[in-house]
Amino acid sequence: MIFTKSKTLALRSEEEIVLVRQATRSWMVEQRFTLVAQTKMMTATSELARNAVVYGGGGSARLELLEESGRVGIRVQIEDRGPGIADLEQAMTDHFTSGQGLGLGLGGSKRLVDEFEIWSEPGKGTRVSITWWK
Amino acid sequence: MEHIPILKVGEFLLVSIQVDMHDRLAMTLQDDLTTKLVATRAKGVLIDISSLEMVDSFIGRMLGHMAAMAGVLGAEAVVVGMQPAVAITIVELGMELTGVRTALSVDKGMALLRTLVDEDSFTLNPVS
Ligand SMILES: Nc1ncnc2c1ncn2[C@@H]1O[C@H](COP(=O)(O)OP(=O)(O)OP(=O)(O)O)[C@@H](O)[C@H]1O
Ligand SMILES: [Mg+2]
């Protein structure tokens, strides 16, 4: 796998959630991903970025443009050094929320993208990686 | 402070969301709409989201709240212009947007609002 481009953005505020999802969109527009692909990745990015800000106390987003056997992909990795998630299975379940949300962010994001990976350790933080292949 | 403009068009209010709103701005819009509905006693609200590139769970929840708030204040709300890719994404995300009426364009939304408002006045003041 070749990384043709990468960039790390801070994720500390509501404004930065918008900047990160817009960056994801503009990279995908530039690479001519379909409109549906752009919309789904942008939405998943927004959900994960908000989780990092709201529950993780802020973090960062790393955008990567990938190439593998002639295929182009985009990966967004969002991480925070917040409290982590003790019960991942529960957190991934639709409609589970510890706050005021709909509990759709994690489960919904997973449905929206090609690849979804999550790592979390209580007391250390959370990292989620989503990828879309063209 | 930043605000999304709310216009009065005849007896209706028109909200056209032209920017990618951060969460606080979306909350402010919800409050502003409530205030404006009370102040103008408008019977209907049209929320144009044709410029929105995405509707995530936060914005979806806000649209639901605005529709519910309008209902409580005796007004009808119609969301217009949702892009097809946005609609597909909302469904896959798992959001139901129950209670949110939608129409394809501002014109169709206006027509729908008219019908809904006329029906409301008919049920409130039945002709005997
Ligand atoms: N980065 C994180 N750090 C710590 N806890 C998290 C993190 N992300 C998610 N969680 C936990 O997982 C739960 C489920 O997250 P999810 O995004 O699915 O729903 P939500 O944020 O509660 O609601 P929604 O995203 O629909 O507004 C959260 O309520 C929270 O308890
Ligand atoms: Mg969430």
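Throughout, read-outs are computed from the coordinates displayed, never taken from laboratory work. What you see is a predicted model; the values in this text were computed from it and never measured. Positions of Cβ are generated from backbone atoms using ideal geometry, with glycine treated the same way; all protein chains shown enter the neighbour counts.
Among beta bridges from DSSP that stay inside segment B:6-124, the antiparallel ones total about 25%. Sorted ascending by nearby beta carbons within 10 Å, beginning with the fewest, B:Met1, B:Met21 become B:Met1, B:Met21.
Mean residue ellipticity at 222 nm, helices only, chain B: -16500 deg cm²/dmol; runs of at least 4 DSSP H residues each add -39,500 (n - 2.57), and the sum is divided by the number of residues.
Among the listed pairs A:Lys40/B:Lys43; B:Lys43/B:Lys108; A:Lys40/A:Lys124; A:Lys110/A:Lys134, those with a Cα-Cα distance over 23 Å are A:Lys40/B:Lys43; A:Lys40/A:Lys124. Give me the angle, in degrees from 0 to 90, between the Cα long axis of helix A:14-30 and the longest principal axis of the Cα atoms of chain A, rounded to the nearest 10. Result, in degrees: 20.
Rounded to the nearest 20 debye, the dipole size of segment B:53-115 about its Cα centre is 240 debye, using +1 on the Cβ of Lys and Arg and -1 on the Cβ of Asp and Glu.
For chain A, the 222 nm mean residue ellipticity estimated from helices alone, with every DSSP H stretch of n ≥ 4 adding -39500 (n - 2.57) and the total spread over all residues, rounds to -11500 deg cm²/dmol.
Looking at segment B:1-62, the GluC sites (Glu not before Pro) that sit in a DSSP loop and have at most 11 other Cβ atoms within 10 Å of their own Cβ are B:Glu2. The C-alpha atoms of chain B define a longest principal axis, and helix B:57-72 lies at about 10 degrees to it. Compared with the dominant principal axis of the Cα atoms in chain B, helix B:23-40 is inclined by about 10°.
When you count the other C-beta atoms within 10 angstrom of each residue and take the mean per peptide, A:4-14, B:87-97, B:109-119 line up highest first as B:87-97, B:109-119, A:4-14.
Taking a ≥ b ≥ c as the square roots of the eigenvalues of the Cα gyration tensor of segment B:64-103, is the shape rounded (a/c under 1.5), prolate (a/b larger than b/c) or oblate? Intermediate results must be reported in sequence, preceding the final value.
Working: a/c = 3.99, a/b = 1.90, b/c = 2.10.
Cα axes put segment B:64-103 in the oblate bin.
Shown in residue order for segment B:45-56 are the 3J(HN,Hα) couplings computed by the Karplus curve 6.51 cos²θ - 1.76 cosθ + 1.60 at θ = phi - 60°: 10, 10, 10, 8, 10, 5, 8, 6, 7, 7, 10, 8 Hz (x for Gly and Pro).
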